[in-house]
Amino acid sequence: MPLWLHVLILIIGAYIIVSVLLYYLQDYFLFKPEKLPKDFNFYYENQSVSEYNLETRDGAIINGLHFSVEKPLGVVLYLKGNSKSIKGWGKFAVDFTRNNYDVIMVDYRGFGKSTGKRSQKAIKHDLQFIYNEIREKVSEKYIIIYGRSLGSGFATKLASMNNPKMLILDAPYYSLTKVTGRYMPFMPLSIILKYPMPTYKWLKYVKCPIHIIHGTKDKLIPFGSSVKLSQVNQKLTRLHPIIGGGHKNLNNFESYHKILTEIIKSKAEKIDFSTTSIGVKHTAKK
C-alpha cells in the first residue's frame, strides 16, 4: 500500500472516530448542569418566591420558581443559559420584579431538581407545556419571553409558536451550528449536532416586538451574531448594543438596566441601581 494511501486512511479513520465521539459526548460539552438535592430550599433576600414542579407527558419533572410582586404588570418567562441551575440564575429575577413583573424560571431537564432525558425536542415541548400553564392564568398580551444565551434559541422558538407581548434575546446566537463551527470548522456539524438551534429560522415567524441585547465585546457569541439576527425580521426587531459588554457580565453595566427598563416599561425611568443585579457576578469569565 502506498504511503499516501495509508496516511489518507488513518486521517479518514480519525475523522470518523472524532465525529462519533462528538455526537455522543456533545451534551457534556454543551450543558454544564448543577444538580440540587430534592430538599434544597431556595431563598432570595427581599423576594417573594415559590417553588413548583410540573410533570410532563413522558414522566419528567420540571422544577421552577415563581417570583411574584403585588399588582404585576405581567409575567416574564426567563429561559436561562447552559450552566448551573436556577439557584444562581434566580438572582437576576430582581431586574424584572423591580419593574413590577412576575418572573417564572425553570431548570431544563437534568439541571437542578428537574429530571428526564434531555433533547432539543423534549426541551421545546417542556417549555410549551410551561407556557400553556402560564397562559391559562395570564393573557398572552401580558407575557414576555426572555431568552439568555442558550435560552435565546428556545425563547425564539416558543415566541414563534405563540403570541406573547414581546421577545427579548440576551446574547443570542444566529444558530448553535454556527457557534460551534467557529471552534470545529472541519467537522460535519450539520449532521452530528443534536442541538442545531437555528434561531434565525424561527425568528422569521415571530409576530411580536423583538428586542436583542448584546455586548460588543462578547468573545463566546460575537456581537455580529445579533447584528445578523436583527436583519431577519427587521420591522419588528430593535438591536440594543451594550458597549464593552462581554458574554456573562451585561448585568454589571448601568446601560443594560436602563435599556431593560425602557423595553419592558416602554419608557425611560430613573433607576436606583442598588435594586438591580448590577453587583451580581455570574462568573469570572466574560
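The values are calculated or read from the model by the stated rules, or taken from the named source; none is laboratory data. Worth saying up front: this structure is predicted, and the values here are computed from it rather than measured. A quick note on method: Cβ atoms are made from the backbone with ideal geometry, for glycine too, and the neighbour counts reach across all protein chains shown. In case anyone asks, the SASA skips ligands and DNA or RNA and just uses the protein heavy atoms, side chains included. Shrake-Rupley method; radii C 1.70, N 1.55, O 1.52, S 1.80 Å.
How many residues are more than 17 Å from the chain's Cα centre (by Cα) and within 16 Å of Gly153 (Cβ to Cβ) when one looks only at region 203-229?
Looking only at that region, the number is 3.
Scan region 7-23 and tell me whether some residue there is closer than 17 Å to Gly112 by Cα, surrounded by 13 or more Cβ atoms within 10 Å (Cβ to Cβ) and modelled with pLDDT under 95.
The answer is no, given that none of the residues of region 7-23 is closer than 17 Å to Gly112 by Cα, surrounded by 13 or more Cβ atoms within 10 Å (Cβ to Cβ) and modelled with pLDDT under 95.
Out of Ile145, Ile123, Ile134, I need the residue that is farther than 22 Å from Thr276 by Cβ and touching a strand residue (DSSP E or B) at 6+ places or on another chain (Cβ under 8 Å). Which one?
So the residue among Ile145, Ile123, Ile134 that is farther than 22 Å from Thr276 by Cβ and touching a strand residue (DSSP E or B) at 6+ places or on another chain (Cβ under 8 Å) is Ile134.
Which of the residues spanning region 109-142 are among the polar types (S, T, N, Q) and either open to solvent by 50 Å² or more (accessible area, probe 1.4 Å) or part of a helix (DSSP H, G or I) (or both)?
Of everything in region 109-142, those that are among the polar types (S, T, N, Q) and either open to solvent by 50 Å² or more (accessible area, probe 1.4 Å) or part of a helix (DSSP H, G or I) (or both) turn out to be Thr115, Gln120, Gln128, Asn132, Ser139.
Table: residues versus (1) of a type in the set (Ser, Thr, Tyr); (2) assigned by the TED database to the domain that holds Leu77; (3) at pLDDT 95 or above; (4) out of contact with any Lys or Arg (no Cβ under 7 Å at 6 or more places or on another chain).
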site	(1), (2), (3), (4)
Lys165	no, yes, yes, no
Ile168	no, yes, yes, yes
Val179	no, yes, no, yes
Pro188	no, yes, no, yes
Ile191	no, yes, no, yes
Pro198	no, yes, no, yes
Tyr205	yes, yes, yes, yes
His214	no, yes, yes, yes
Lys219	no, yes, no, no
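What is the number of the single condition among (1) aliphatic (A, V, I, L, M); (2) open to solvent by 10 Å² or more (accessible area, probe 1.4 Å); (3) more than 23 Å from Lys38 (Cα to Cα) that Ile104 does not meet?
(3)
Name the residues in region 255-286 that are in a loop (DSSP other than H, G, I, E, B), among the small types (Gly, Ala, Ser), open to solvent by 40 Å² or more (accessible area, probe 1.4 Å) and within 19 Å of Arg148 (Cβ to Cβ), would you?
The answer is Gly279, Ala284.
Across region 52-111, what is the total count of residues that are among the polar types (S, T, N, Q) and either free of Cβ contacts under 8 Å to residues at least 24 places away in the same chain or on the phi > 0 side of the Ramachandran plot (or both)?
1
Would you pick out the residues in region 82-101 that are small (Gly, Ala, Ser) and either closer than 16 Å to Gly279 by Cα or surrounded by 19 or more Cβ atoms within 10 Å (Cβ to Cβ) (or both)?
Hits for region 82-101 are Ser85, Gly88, Gly90, Ala93.
Given the condition more than 17 Å from Arg109 (Cβ to Cβ) and not in a strand (DSSP E or B), answer yes or no: does some residue in region 52-69 qualify?
Scanning region 52-69 turns up at least one residue that is more than 17 Å from Arg109 (Cβ to Cβ) and not in a strand (DSSP E or B).
Do you know which of the residues in region 195-254 that are β-branched (Val, Ile, Thr), free of Cβ contacts under 8 Å to residues at least 40 places away in the same chain and in a loop (DSSP other than H, G, I, E, B) is surrounded by the most Cβ atoms within 10 Å (Cβ to Cβ)?
Checked region 195-254; the qualifying residue surrounded by the most Cβ atoms within 10 Å (Cβ to Cβ) is Val232.
Could you say whether any residue in region 238-246 is of a type in the set (Lys, Arg), at pLDDT 95 or above and either touching a strand residue (DSSP E or B) at 6+ places or on another chain (Cβ under 6 Å) or on the phi > 0 side of the Ramachandran plot (or both)?
The answer is yes; a qualifying residue exists.
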